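Where a number appears in this text, it was derived from the coordinates with a stated rule and is not lab data. This one's a predicted model, so the numbers in the text were calculated from it and none came from an experiment. Heads up, the Cβs are rebuilt from the backbone with ideal geometry, glycines too, and the neighbour counts pull from every protein chain shown.
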Amino acid sequence: MTRMGAMPAAEVRVLGPVEVVGVDGPIRLAAKQARLLVALVVARGHARDVDELVEATWDGAPPASARKLVQVYVSQLRKALPSAVDIATVDSGYYLVLEPGVLDAERFERLLGECVSARADGNAALASSLADRALALWRGRAFGELAYEDFARAESERLEELRLVALEERLGALLALGRHDEVLGEALGLADEQQFRQRPHELAMLALYRAGRQADALEHYAAVRARFDQELGLEPGSALRELQRRILLQDPELDLSADSVSVGALPVSPNPLVGRTRELDELRSLLDRRESRLIVLTGAGGSGKTRLALEAARDSTGTFANGTVFVELAPLRDPDLVVQTIAKALELAIDPTEEPLAALAAGLAPQELLLVVDNAEHVRTAAPAFAELVARAPRLTLLVTSRAVLHVSGERVFPVTPLAEDDAVELFVQRARLLDPDFERTPENDVDTREICARVDCLPLAIELAAARIRTLTTRALRERLDARLRLLTGGPRDLPARQQTLRETIDWSVGLLDESARAVFARLAVFPAGATLDAAEAVCGAEVETLAALVDDHLLRREDAFGEPRFGMLETVREYALELLGADRPRVELAMVSYFVDLTDRVENEERLSLETLSELDPEIDNLRAALTAAERNGAADLRLGLAGNTWRYHWARGSAAEGIAEIEKALAATDGLVTSAGARALQGGSGLAWTLGDLARAKQLAGEAIRVASQTGSKWEEVSANTVLGIAANEEGDRDTARQHHLRSLELAVELGLEPA
């Protein structure tokens, strides 16, 4: 099957004047060869006997030698046709053999069928796109000047009927997308052209109604009804009559349908992309042709993979009916969370009882979507999921950035090399001007600028870090300082990755310009993979606003906004360096971060009116919470780990990540070796609720029973209330009404003691 978007190596075109196109362009056919070819095409794979071909070739006045001449014409036509087209011989005559996708009429019918299916599935955007592609194949009446010949007329009329269906499907899809103003003129024109075809009148009336022209819609119906009565002696069909009735009643269901487009907003850079013209052209071509649906941009850290991917995706968004979605994987450390992260970016809810990858693939299958997946190298063991997704979702294209080749089926590796020297210099000059408007490129500083770019291997991130100092240093001073630093670091192993040989030097040089206090804050902030709020930066890292501003100014931090509050994060390559800089102080800072999140989640959990809105405060912190749990485990802080796992059970329940929540709770419980604490009671009770959510009644009952035992010893009555409730629900689901009643009564008794229920 010819892949969507890719042109076949050869074409037989009948949706207009008959043409044959080979790899070298159009193939000239004599008039009788064209008639013979059309006679074989309209047979649609069935054999035509020689007498039928004689009649078609000579149009009723064949010479005496016609049967022999047909054999000659067939032989000549075989030689003229490209290899994707053949004429096979059978006892009674001949039939046409075409590779899939060669005949434009076949492609048109396939696209139309997919369009109808997409509309039925509620994907109006894809239906509109498919209809556009189908109609773009038409160049005139089917079979051109041969359309009215006896041997071609029926097939021509059939295709023309399908063309009208495609026009109607396109207009219907556009109406479902809310583009009635765009549709109105075309729908009215089609209705005027096809006066006794009812579907165009339905579309025209609906477009008029949605445009706020109810009276005009009713007047249109009246005119149609009069015409049908006068010229056909018939009433309009039931669908048209029903639409008129609903318009009279102003039926709310006639308003814009719920068909929607799955479009995720791509991050937008404030600065134009410098260079990369060749790479962009190649990527656009790959994305448009759909020949590769798993494209992996690989290269050194800081080479501009993400920037290039986003630019290419933005340019190609219009060719994907359901748009683009951006998925950031950098904060993840657990490959098992990749599928869940993609589903979250797509706002696709996955039933916890379903296998996540299968559920995600099923959700993506009906969509024509471009998925940009960023920073996949550190979760490479999850890469087979990418290949599985493109295999199960035939219209999905993945554009992945990774510092390493993923080595999965179907992967198209797209290397991202350093910038060309002239582009690197242009990037440096642009960034320097943003920081110092007085900076000008001159013949005097051009040599220094080129040397700076060469010294950092023309890597975009390294160039931006260097340009960040242009307000305080001249290009000569910058080059000399950078030169000294590079000489100092040239003794390292040459087999280190490129990221460590280049960006490490650039980042080290930039950090070397910080004072001791700023350097310490910079290193400590690295423990937050998802960035830190101002409060977290102050509490854990001892940061001050002025220090954070300086780090942002030096491009060592980047500031983002979440819930109206600033967050301070790092590029992953910078964060890797900062973690190494943190060194022996890392355990202390990590434990401070864990304590901070224990306190934060405890406050959220104990809100007087806990709600989804309150829990949403943890959304930006989810990757930090995962890192905190890992840090607590690594540093032997079992009590903190248990407290954090227990405090977040309700968040995982609300966000549909119960499996992750209970896994963390069980690991934390195992590490405490039966320690009886209020934190343990909360973790056990929360784990029981998550187990019930997942349908594991046995585990839910076991954890709830343990929760009651620990809660009764620690005086944690709220946890005892909840655990009894879980046991009551589980017993009820198992049909044990007496046990269920006992637990619910105990739960009510404790709630009264806590003042949660009236006595």
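A few points about this structure:
- Here the range 539-608 is described by how far its Cα atoms reach on the three principal axes: 42, 32, 21 Å, from widest to narrowest.
- The Rg/Rh ratio of the range 1-102, with Rg taken over Cα atoms and Rh as the Kirkwood radius over Cα pairs, comes to 0.98.
- Taking chymotrypsin sites (Phe, Trp or Tyr not before Pro) in DSSP loop conformation with at most 15 other Cβ atoms inside 10 Å as exposed sites, the chain has its longest uninterrupted site-free stretch at 197-562.
- For residue 400, the residues 5 or more places off, or on other chains, whose built amide H falls under 5 Å of its own are 295, 296, 297, 373.
- Applying both filters, DSSP loop and at most 11 other Cβ atoms within 10 Å, to the GluC sites (Glu not before Pro) of the range 48-107 eliminates every site.
- Within straight-line reach of residue 79, meaning a Cα separation under 20 Å, sit the following lysines at least 8 residues removed in sequence or on another chain: 32, 68.
- Spread over its residues, the convex hull of the C-alpha atoms of the chain is 257 Å³ per residue.
- Alpha-carbon spread of the range 513-672, three principal axes, descending order, Å: 45, 34, 24
- Hydrodynamic radius of the range 620-666 per Kirkwood, over alpha carbon pairs, in Å: 10.6 Å
- Converting phi to 3J(HN,Hα) with the Karplus coefficients 6.51, -1.76 and 1.60 and the offset θ = phi - 60°, the range 32-38 yields 5, 5, 5, 5, 5, 4, 5 Hz in sequence order, with x at every glycine or proline.
- Cα-Cα separations in the range 130-264 greater than 25 Å, expressed as whole percent: 35 percent
- Both the radius of gyration and Dmax for the range 132-198 are 13.8, 43 Å, in that order, over alpha-carbon atoms.
- Distance (nanometres) between label positions extended 7 Å along Cα→Cβ at residue 214 and residue 248: 1.3 nm
- Dipole magnitude for the range 16-63: computed about the Cα centre from +1 point charges on Lys and Arg Cβ and -1 point charges on Asp and Glu Cβ, it is near 120 debye.
- Test item: Cα-centred dipole of the range 338-421, Lys/Arg +1 and Asp/Glu -1 on Cβ, debye: 160 debye
- In plain terms, the chain is cut at each of the trypsin sites (Lys or Arg not before Pro) found in a DSSP loop with at most 14 other Cβ atoms within 10 Å, and the longest leftover piece is 610-759.
- When only Cα pairs below 8 angstrom with a gap of at least 6 residues are kept, the chain shows a relative contact order of 7 percent.
- Annotation: lysines with alpha-carbon distance below 23 angstrom to residue 717 (same-chain offsets under eight excluded): 701.
- For the range 541-642, the set of GluC sites (Glu not before Pro) satisfying both a DSSP loop assignment and a count of at most 16 other C-beta atoms within 10 Å is given as 544, 607, 608.
- Rg/Rh, computed from the Cα trace of the range 611-708 with Rh as the Kirkwood radius, has the value 0.95.
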